[in-house]
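The structure appears right after this line, and notes come after that.
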Amino acid sequence: MPDLPLPAFLAAHPRMILIEIAEAKGSTPREAGAFMMVTENAIWGTIGGGQFEYMAIDNARAMLAGGGDGMMDIPLGPEIGQCCGGRTLLSFHLMTPVLAEKLESRMRSEEEDRPAVYLFGAGHVGRALARALAPLPFAVTVVETRAEALEDLPAEAEKHLTAMPEASVDKIPANGAAIVLTHDHALDFMIAGRALARTDLAYVGMIGSATKRATFARWLKREGGEEAMLARLVLPIGGSTVKDKRPAVIAALVAAELLAAYAARQDQPSKRQVPSA
């Protein structure tokens, strides 16, 4: 991750080169649209690392010195010490105020487009999950009934204190996720039931076990829920392959589960292309 936010990096360095993956074929470390910026003594972002990134950095700094090339077509094979097997076409542009504004606009748009993930409960696992999700492309909201539980959460997470957390389910934007991890099983069931009643959420998960799932199934049936609703519930969250129940481990598994769930829903071309200079 970069040490500085993008606007601060742009402001701190008057001259830099924007490197973008204009085209990616086959197996490559990053996708088309991935970018980084290079100054004489600093970099921001990454196009995937390895030898081909070093080559790109060298070319960018050559451009800053008056040489270099505006395009590089690099095969990711043994000749450069990489074995990805793909090919990347890189473009290089001297940063201008117009290009910088387009880049910042793209980043703002990506921030706004992040899926909303609501964590119901900020106990040990809830806090660990909030920390695990902080650097990932999600907009995280933590919902709690206990004010003290909302302390010591990542700055990136929005905090919501309420006596009726189940009502917050209705605030989750379409394509969002609800992850239920409260200190009360009855409350868990109320929140999960309300979330499963919505058909526009990408992920509904609850912390627990096979026994808790069976208990919830009986509760849902008693409350008039349909069997199809239960089929959309991820319980236990994080799967059952890894038996380690430490909060940080569960959080890592759930973060991976969320990323996989959203990757499976992506059915359109990437919108990550940097606008042309």
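The values are calculated or read from the model by the stated rules, or taken from the named source; none is laboratory data. No experiment lies behind these values; they were computed from the predicted model shown. Don't worry about glycine lacking a Cβ; one is built from the backbone with ideal geometry, like all the others, and counts go over all protein chains shown.
How many residues does region 3-24 contain that are assigned to a strand (DSSP E or B) and aliphatic (A, V, I, L, M)? Please lay out each step first, then the result.
Narrowing region 3-24 to residues assigned to a strand (DSSP E or B): 17-24.
Next, from what is left, pick out any that are aliphatic (A, V, I, L, M): 17-19, 21-22, 24.
Qualifying residue count for the region: 6.
All of 201, 153 fail the test of being of a type in the set (A, V, I, L, M), in a loop (DSSP other than H, G, I, E, B) and either out of contact with any Gly (no Cβ under 7 Å at 6 or more places or on another chain) or not assigned by TED's automatic domain parsing to the domain that holds residue 248 (or both), apart from 153.
Among residues of region 117-146 that are in contact (Cβ under 8 Å) with a residue 24 or more places away in the chain and assigned by TED's automatic domain parsing to the domain that holds residue 248, those with a Cβ under 7 angstrom from a residue that is part of a helix (DSSP H, G or I) and of a type in the set (Ser, Thr, Tyr), sequence gap 6+ or separate chain, pair up as 118/168; 143/168. Candidates are the residues of region 1-56 that are of a type in the set (D, E, K, R) and more than 20 Å from residue 108 (Cα to Cα); the one that is nearest to the chain's Cα centre (by Cα) is 30.
Within region 102-112, does at least one residue satisfy the condition of being over 15 Å from residue 20 (Cα atoms) and either crowded, with 21+ Cβ neighbours inside 10 Å or touching a helix residue (DSSP H, G or I) at 6+ places or on another chain (Cβ under 9 Å) (or both)?
Checking region 102-112: not a single residue is over 15 Å from residue 20 (Cα atoms) and either crowded, with 21+ Cβ neighbours inside 10 Å or touching a helix residue (DSSP H, G or I) at 6+ places or on another chain (Cβ under 9 Å) (or both).
Pull up region 238-254, narrow it to residues that are part of a loop (DSSP other than H, G, I, E, B) and surrounded by fewer than 20 Cβ atoms within 10 Å (Cβ to Cβ), then point me to the one that is modelled with the highest pLDDT. Here the answer is 246.
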